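The structure under discussion appears below in the form of structure tokens.
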Amino acid sequence: MTSLATTVERSEQLRADVAEHPHRYRILTGERPTGPLHLGHYFGTIAERVRLHNLGVDTFTILADYQVITDRDAIGQVQENVHNAVLDYLAAGIDPERATIFTHSAVPALNQLLLPFLSLVTEAELHRNPTVKAEHAASGRALSGLLLTYPVHQAADILFCKGNLVPVGKDNLPHVEMTRVIARRFNDRYDHVFPEPQALLTSTPEVPGLDGRKMSKSYGNAVTLSMTSDETAAAIRRAPTDSERRITFDPIGRPGVSALLTTAALCSDRDEHELADEIGDAGAGALKKLTTAAVNEFLAPHRQRRTALAQEPGHIRSVLRDGNQRAVEIAERTLDEVRTAMGTTY
Ligand code: TRP
């Protein structure tokens with residue numbers, strides 16, 4: 001397993017190379033449409049995706065609807081979540097004329113890659129995958145076949161379009177590692193069809209939720225991109241802090257206070273310690289006021305564009321229809337190559 005330090009270092013080199021040769025890269029990344037996208041998604045991967053897209057890198061964004069049911073039975077409001085995610089992508093600056101946005105379930109040939117890929121990994125390898133283990137533990141449920149094979153499915157997401165660069169957060173690194181193993185084994189066993197994609201880890205530190213835990217819709221600690229400024233203020237008002245008046249940055253000892261400082265710092269491109277010094281003895285009330293202003297100011301242009309785009313639901317639907325169509329064509333071509341390599345052409 002490649003170490004985190006190596007990946008961080010490699011990501012820096014990759015960033016430099018992408019800036020110089022954007023046309024050598026195709027990125028594939030995306031989200032599970034489990035709920036509204038939040039600041040964690042924004043700073044974790046969306047901002048980087050938009051930056052690469054603007055450099056001219058071919059950009060594929062997957063809404064991994066089948067992945068929603070890796071750790072739960074109910075697929076939930078998946079249509080609404082997909083629609084809202086597309087709104088956020090466009091509002092964030094993804095241009096659908098130059099990028100492909102698509103849903104997992106609309107691309108049968110992508111999903112068919114799962115079958116040969118499953119033959120390339122062992123059950124032990126799947127059980128060892130840290131993300132599978134963590135998600136299984138967090139789900140508190142029996143391990144489903146889909147969760148066990150989640151990394152293989154994700155390999156199909158990446159390899160169907162021969163993506164060679166995968167911007168992801170830390171928790172998805174084991175999947176990229178497995179994707180490289182699958183690509184290598186397929187190429188060795190049959191014929192050279194797939195690139196070995198590289199992970200691009202974002203340099204932004206993980207955005208904590210408003211209570212200091214990981215930001216997650218299910219914890220109710222997220223600032224979503226689609227909230228109004230009043231809803232944002234209310235969410236921040238509810239955030240747990242402590243009674244010490246002097247504001248200091250101490251993520252271990254004061255997770256609530258520090259989470260607000262990190263949020264404000266990211267949104268205003270400032271330093272947490274500097275903000276803490278500025279607030280000084282003014283207490284949690286002043287900290288919340290400052291954080292609310294920073295978040296609302298940062299998100300205002302995004303929210304404005306989002307509201308305008310939401311007036312045209314037909315446009316959003318056609319973006320997705322076109323993206324799915326393009327993904328289907330690419331997946332069919334790749335599946336043809338796979339069939340040829342395997343000799344299963346009849
Ligand atoms: N598993 C990713 C997440 O949890 C979403 C995802 C699905 C993805 N397929 C992908 C990310 C392919 C990168 C590449 O957010």
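Only the coordinates and a few stated rules stand behind these numbers; no lab work does. Source: prediction; values computed, not measured. Here the Cβ is made from the backbone with ideal geometry for all residues, glycine too, and neighbour counts use every protein chain on show.
A few points about this structure:
- Note on the chain: lysine pairs with Cα distance below 30 Å, sequence gap of 8 or more or different chains, count 12.
- Translational diffusion of region 235-321, µm² s⁻¹ [Kirkwood Rh, Cα pairs; Stokes-Einstein; 20 °C; 1.002 mPa s]: 149
- Building the convex hull from the alpha-carbon atoms of region 170-308 and averaging its projection over directions returns 11.1 nm².
- Remark: Y89, Y25, Y190 ranked as Y190, Y25, Y89, counting other beta-carbon atoms within 10 Å and listing the fewest first.
- With neighbours defined as other Cβ atoms within 10 Å of a residue's Cβ, the residues T344, T334 order from fewest to most as T344, T334.
- Semi-axis lengths (Å, descending) of the ellipsoid that matches the C-alpha gyration tensor of region 65-150: 28, 18, 12
- Close amide H contacts of K214 (hydrogens built in the peptide plane, cut-off under 5 Å, sequence separation of 5 or more or a different chain): G209.
- Cβ crowding within 10 Å ranks I158, I182, I279, I75 as I75, I279, I182, I158, fewest other Cβ atoms first.
- Protection proxy ranking for 27-39, 232-244, 286-298, 3-15, using the average of other Cβ atoms within 10 Å per residue and placing the highest first: 27-39, 286-298, 232-244, 3-15.
- 5 angstrom amide H check on L200, placed H, neighbours 5+ away: V166, V168
- A prolate overall shape is assigned to the chain, the ratio a/c of its alpha-carbon gyration tensor axes (a ≥ b ≥ c) being 1.5 or greater and a/b exceeding b/c.
- The label point for S268 and the one for T204, both projected 7 Å from the Cα toward the Cβ, are 1.8 nm apart.
- Once the Cα atoms are used to define both axes, helix 150-159 deviates from the longest principal axis of the chain by about 70 degrees.
- Around the amide H of L37, modelled in the peptide plane, lie the amide H atoms of L225, all under 5 Å away and 5 or more residues distant in sequence or on another chain.
- Taking 0.36 nm per residue of sequence separation and removing the Cα-Cα distance, the R128/R141 pair yields an extension gain of 2.9 nm.
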